[in-house]
1. Whether any residue in region 78-92 is over 23 Å from Gln255 (Cα atoms), surrounded by 14 or more Cβ atoms within 10 Å (Cβ to Cβ) and within 18 Å of the chain's Cα centre (by Cα) is what I want to check.
2. Kindly check whether there is at least one residue in region 169-179 that is more than 30 Å from Ala75 (Cα to Cα), among the aliphatic types (A, V, I, L, M) and crowded, with 19+ Cβ neighbours inside 10 Å.
3. Filter region 140-154 down to the residues that are among the polar types (S, T, N, Q) and away from the ligand (no atom under 16 Å from the Cβ) and list them by number.
4. Looking only at residues that are more than 21 Å from Phe130 (Cβ to Cβ) and touching a helix residue (DSSP H, G or I) at 6+ places or on another chain (Cβ under 7 Å) in region 61-77, which one is surrounded by the most Cβ atoms within 10 Å (Cβ to Cβ)?
5. Could you check region 182-279 for helices (runs of 4 or more DSSP H) lying wholly inside it with 3 or more residues that are surrounded by fewer than 19 Cβ atoms within 10 Å (Cβ to Cβ)?
6. Name every residue in region 155-165 that is free of Cβ contacts under 8 Å to residues at least 40 places away in the same chain and either of a type in the set (Phe, Trp, Tyr) or away from the ligand (no atom under 13 Å from the Cβ) (or both), in order of residue number.
7. Can you confirm whether Gly11 is surrounded by 22 or more Cβ atoms within 10 Å (Cβ to Cβ), on the phi > 0 side of the Ramachandran plot and of a type outside the set (Phe, Trp, Tyr)?
8. Hey, which of the strands (runs of 3 or more DSSP E) in region 20-127, taking only ones fully inside, have at least 1 residues that are in contact with a Lys or Arg (Cβ under 9 Å, 6 or more places away or on another chain) and free of Cβ contacts under 8 Å to residues at least 60 places away in the same chain?
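All of the numbers you see were taken from the coordinates with simple rules; none came from a lab. In this text, all values refer to a predicted model and were calculated from it rather than measured experimentally. Reconstructed Cβ throughout: ideal geometry from the backbone, glycine too, with neighbour counts over all protein chains shown.
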Amino acid sequence: MACKKTITVFGATGAQGGSVVKALLQDKSFAVRAVTRDVTKPAAQKLKEAGAEVVSADLDNETSVKAALKGTYGAFVVTNFWEHMDKDKEVKQGKQIADLCKQLELKHVIYSGLENVQKLTGGKLEVPHFDSKGLVEEYFRQIKVPMTSVRLAFYFENFLTLCRPQKCQDGKTYQLVIPMGDIPMDGISVTDLGPIVCSVLKNPSEYAGKDIGLSADKLTIRQYAEIMSEVTGKTIVDSKITPEAYIKLDLPVVQEMNSMFLFYHMRPDRNVALTRKLNPNVKTFKQFMEANKEAFKDL
Ligand code: NAP
């Protein structure tokens, strides 16, 4: 039997990388090397049981990252801004991986990127967790690593956590507090990323060098709320909050989120048809809600 090409997957114990490992193992075209800082943690053990080679590496330790990439055909790379909220650190981690991919002559890298908003808007708007990834995308291109950037839309999963419906003062109805007005916002379930990355890796000649904006649905907040109401049986509405009012809220990371929503107002390129081509089973928001109904039962 011919030896399978190996893909190193960063963030393998997390949402994006976890979905990628799962899809690659199911597809069986590639062998998987899953990266975590702690190979003893339960999530890492599960990856091993599922058939991945699990290795320890820390994005802040070059030697360990080099060892994780050595001898592999390709890689899926995600960095986690939210762990440190430091744009420069995310850029440093990303550029270092890019340099190592170049040095080790990887044939195809899938990078979880986003736009450099600061550059796109001529400095009018800054979204640090986008700008950092945009700078790393540019660096990958500059040093000529064959790289496909997958730019994810707002995770539908954010509606379970950071953007969960908030109870209104009447104690009965709920509202989505997202300052998008009537502008549609792209969304996708992060669990649908894996098959997309798998399709991209299997078609390097078509996708290497491209930036792909991923989206499963383009809906206004009112439409998200209507679907949530329909599936949960609760009354959920759009709060219609303005960016000016949103930024004054006492919410975690409100400034970063507000800047991101302001960038979403500019309707970044997210391609539903291409997303569906790369993963024909990508869930619509309604399907996501139906699959996650239980998570809203205590609303
Ligand atoms: P996640 O579920 O929190 O997982 C983070 C992963 O990163 C873990 O597997 C962790 O591995 C790994 N990790 C963190 N620091 C590391 C380090 N120093 N060295 C090695 N591995 C490290 O995060 P995610 O949702 O998959 O990805 C987060 C990224 O997605 C963020 O940068 C965010 O900007 C981006 N994003 C989010 C959205 C959204 O709507 N939420 C949309 C687009 C893009 P171990 O702990 O096992 O080492």
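1. No: region 78-92 contains no residue that is over 23 Å from Gln255 (Cα atoms), surrounded by 14 or more Cβ atoms within 10 Å (Cβ to Cβ) and within 18 Å of the chain's Cα centre (by Cα).
2. Initially, region 169-179 is screened for residues more than 30 Å from Ala75 (Cα to Cα), giving 169-179.
Filter once more, so that each one left must be among the aliphatic types (A, V, I, L, M): 176-178.
Filter once more, so that each one left must be crowded, with 19+ Cβ neighbours inside 10 Å: 176, 178.
Within region 169-179, one or more residues are more than 30 Å from Ala75 (Cα to Cα), among the aliphatic types (A, V, I, L, M) and crowded, with 19+ Cβ neighbours inside 10 Å.
3. Here is the first cut: in region 140-154, the residues among the polar types (S, T, N, Q) are 142, 148-149.
Scanning region 140-154 gives a single hit, Gln142.
4. Taking region 61-77 and keeping what is more than 21 Å from Phe130 (Cβ to Cβ), we get 61-75.
Pick out the ones that are also touching a helix residue (DSSP H, G or I) at 6+ places or on another chain (Cβ under 7 Å) and you get 62, 65-66, 69, 74-75.
Details: Glu62: 14, Val65: 24, Lys66: 16, Leu69: 25, Gly74: 26, Ala75: 28.
Looking at the filtered set, the residue picked out is Ala75.
5. Answer list for region 182-279: 204-207, 221-232, 243-246, 254-264, 272-278.
6. Just the residues of region 155-165 that are free of Cβ contacts under 8 Å to residues at least 40 places away in the same chain, to begin with: 158, 161, 163-164.
Within region 155-165, Arg164 is the sole residue that qualifies.
7. Working: surrounded by 22 or more Cβ atoms within 10 Å (Cβ to Cβ): yes; on the phi > 0 side of the Ramachandran plot: yes; of a type outside the set (Phe, Trp, Tyr): yes.
For Gly11, the condition - surrounded by 22 or more Cβ atoms within 10 Å (Cβ to Cβ), on the phi > 0 side of the Ramachandran plot and of a type outside the set (Phe, Trp, Tyr) - is met.
8. Details: elements: 31-36, 53-56, 74-77, 108-111.
Ranges flagged: 31-36, 53-56, 108-111.
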